[in-house]
1. Any chance you could count how many residues in the stretch B:134-155 are modelled with pLDDT under 95 and of a type in the set (A, V, I, L, M)?
2. How about the stretch B:141-168: which of its residues are touching a Lys or Arg at 6+ places or on another chain (Cβ under 6 Å) and either under 22 Å from B:Leu217 (Cα atoms) or buried (at least 22 other Cβ atoms within 10 Å of the Cβ) (or both)?
3. Please tell me if A:Val64 is touching a residue at least 60 places away in the same chain (Cβ under 8 Å), in contact with a Cys (Cβ under 9 Å, 6 or more places away or on another chain) and more than 22 Å from A:Thr119 (Cβ to Cβ).
4. Just to verify a result, which residue in the stretch A:164-218, among those that are among the polar types (S, T, N, Q) and surrounded by fewer than 21 Cβ atoms within 10 Å (Cβ to Cβ), is nearest to the other protein chains (Cβ to nearest Cβ)?
5. Mind telling me which of the residues A:Cys318, A:Cys332 ends up being hydrophobic (A, V, I, L, M, F, W, C), touching a Phe, Trp or Tyr at 6+ places or on another chain (Cβ under 9 Å) and within 27 Å of B:Pro210 (Cβ to Cβ)?
6. Which residue, of A:Leu257, A:Leu227, is in a helix (DSSP H, G or I) and either away from chain B (no Cβ under 14 Å) or of a type in the set (Phe, Trp, Tyr) (or both)?
7. What is the residue count in the stretch A:425-450 for residues that are surrounded by fewer than 16 Cβ atoms within 10 Å (Cβ to Cβ) and part of a loop (DSSP other than H, G, I, E, B)?
8. If you go through the stretch A:435-450 one residue at a time, how many are aliphatic (A, V, I, L, M) and touching a residue at least 60 places away in the same chain (Cβ under 8 Å)?
Amino acid sequence: MLCKQGKLEIYAVHPGNEFLTKTLKYNTMKYKSLIINNPEDLMFGIAPKPVKTRRGLEIGGGQVYAELNFTLPIMSINDSTLPQVYEHYREIAEGALERALDLNSKGVVLELETLLEMTKTPQIGIEIVKIMNEICEKYYQKHGLASEIRLTPNDLREFERPAKQRTSQYLEPMMELFEKGMIAGGDLLSIESTGGKEVSDDALMNCDIKTIVFALAVLGVRDMQFLWKKIVSLANQHGKIAAGDSACGFANTAMVLAEKKYIPRVFAALVRIISVVRSIVAMEEGAVGPDKDCGYEGPFLKAITGIPISMEGKTAACAHLSPIGNIASACCDLWSNESVQNIKLLSGMAPTAYMEQLEYDARLMNQALIAGTVPSHILQQLLVASDVYTDPQALILSPENVIRISKELIKGDSYVANARNGALAAIDIIEEALASGKMKLSEMETSYLPLLREDLESIPDNESEFIEMMLPVLDQSKFIMAEYGL
Amino acid sequence: MNEILEKLLEAVEFGKVDQKSPYPPQLRGLDGALELTVKAIETGIEPQQILESALVPAMDRVGKKFSENKIFVPQMLMSARAMGASMLQLKPFFTSGEIKTKGTFIIGTVKGDLHDIGKNLVAMMVEGAGWTVVDLGVDVPSARYIEAVNNNPGAVVALSALLTTTMVNMGEIVSDIKANLPSTKVFIGGAPVNNDFCQKIGADFYAPDPQGVVEHLSKLAS
């Protein structure tokens, strides 16, 4: 029924079975080798393909910058509160940049991750970008402080169930916000896109690893291809930077659920690995980084593609807890806080306080870089060693394991095979750490490892075979195949 | 306790849906909740007793184990599936009124919010505790909660939210429900809310986890 010819998989087609022909052009992953092969070269502040920005940041060009993310305090967004909404963002940007200036910052990224109302009515999001950009420009002109805005519209399409990934009424306002927002001063473009989330949510709660592979490596990949073509095209048209996507709605949901003890940590670690083949599609379509902070798949993307990445760890405790507070910074190029509400703390407004925390972390990493290769590696080793054996999700993020797993993530042709290979490598690494006695996990956790391995090993290399295997067991009322080009 | 009911309790507690089900390994090949429920009915055990002596205690054990971090959600979901298989066999007795549930529990994620993982867990646990659950889904405005209570007089309502920008909608919904149906008990839950917020918006109860909801409902029902 299916035959393989050379590297590009070509399939004989069942009469009337259209999806097999459509899968043809998308089932081969572009990346076949690593840009960073050596764990020692996976270092904070240094990326093989740094990104230069309008106001002079060189992200990944030898130093780490702070990336501050923030949100509104508890309030509604409506016509009557809009002046307060705008004032909040003005206050946040002004407070953060003033503090960065006082701390002799070398540069800052401010991320505007829009809320529902700001994307649904793009004019709101655009106005906020304008306000923030004016402040960035003021600090640049007056004080020489370089800052850029990462514009991250929220993916409105998840408001329809089953999701209409390609025909949604919400695509238009999202893309309008991307385009007009970048013109207004949003130079780095990102999104936490949600293709496949309607399938993955239940799979997470059931620890169903095969359905996770389907959600991310089949549906997610296709949606990323669809969406990032558009984003890259707009960015190129306006001379802006298509930065990258985050599998936040998948792998971070898994991490947070594991932190709440709802699902095993070993499972959450595997979801992170599987998310790589989905998020890398942004780069395949032309995104250049810096990848988004909450995408903890970033180190793998950096190793495979050479792009700079943003990461978050202990500084993101304001938004969610995590087991990777230090190790997350091991190879970051931007260091972020995920999101903090604009509320008053004893020291000042929370975003200003977080700006300071991020700056001090960045300053330490930059001092190590200035001191040379040996001090940088010592600092990195300490960041890694303090977390690595405390949790499987930390374990997979050590530079050695990132490189080892990344090699598996590019070994096959299909996204499905690569997701499976990467996850199996992660299981090997976890089992080795357990066998060596360096990592300890409860029986509740370890009992999942053989089950997960068995499920992963049953996944075929061939994507079409995998789709055929999965369709009968999936609840097809939850997703629309055609919305993924299937 | 009757041997069939004991086995049914065990099947539901450990998530054995039917005989074919390979999970859990220690019960492989044995009858699951489906077969045991059929046997119990055929043996003449009262349907209400099947519910109260086997299914509800099984889910109570599951809820407690989950609260004590002794099992993960997937195991809890397997138990819920096993209970579902049993409930399917009992459905005619619910329809005829031969089995009475403890009451009706209406739940939904408030308007503007799509997060439903927590809501689904609560719905599952409450159903397992012997309540009829009406799940309104996500992005639910006041009118739909009110309509659901009108269709199920005396029902308890639960609102869920995950975002700081949507939790504010809870206040409006609670006001609307209380204005239209003053005697309705309204529960709230979700990551950004707490007991202070619950009191501030005039809701009746806040629970930080599904088991808390179940326990408070039990008090209401007793």
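The values are calculated or read from the model by the stated rules, or taken from the named source; none is laboratory data. Bear in mind that the values here come from a model prediction, so they are computed numbers and not experimental data. Positions of Cβ are backbone-derived with ideal geometry, glycine not excepted, and every protein chain shown enters the neighbour counts.
1. 1
2. Taking the stretch B:141-168 as the starting set, the residues that turn out to be touching a Lys or Arg at 6+ places or on another chain (Cβ under 6 Å) are B:141, B:156, B:160.
The answer is B:Val156, B:Ser160.
3. Details: touching a residue at least 60 places away in the same chain (Cβ under 8 Å): yes; in contact with a Cys (Cβ under 9 Å, 6 or more places away or on another chain): yes; more than 22 Å from A:Thr119 (Cβ to Cβ): yes.
For A:Val64, the condition - touching a residue at least 60 places away in the same chain (Cβ under 8 Å), in contact with a Cys (Cβ under 9 Å, 6 or more places away or on another chain) and more than 22 Å from A:Thr119 (Cβ to Cβ) - is met.
4. Within the stretch A:164-218, the subset among the polar types (S, T, N, Q) is A:165, A:167-169, A:190, A:193-194, A:200, A:206, A:211.
Now restrict to residues that are surrounded by fewer than 21 Cβ atoms within 10 Å (Cβ to Cβ): A:167-169, A:206.
Working: A:Thr167: 19, A:Ser168: 14, A:Gln169: 15, A:Asn206: 5 Å.
Ranking the candidates gives A:Asn206 first.
5. The conditions single out A:Cys318.
6. Working: A:Leu257 fails: either away from chain B (no Cβ under 14 Å) or of a type in the set (Phe, Trp, Tyr) (or both).
Testing whether each residue is in a helix (DSSP H, G or I) and either away from chain B (no Cβ under 14 Å) or of a type in the set (Phe, Trp, Tyr) (or both) leaves just A:Leu227.
7. 6
8. Of the residues in the stretch A:435-450, the ones aliphatic (A, V, I, L, M) are A:435, A:439, A:441, A:444, A:449.
Next, from what is left, pick out any that are touching a residue at least 60 places away in the same chain (Cβ under 8 Å): A:441, A:444, A:449.
Going through the stretch A:435-450 one residue at a time, the tally reaches 3.
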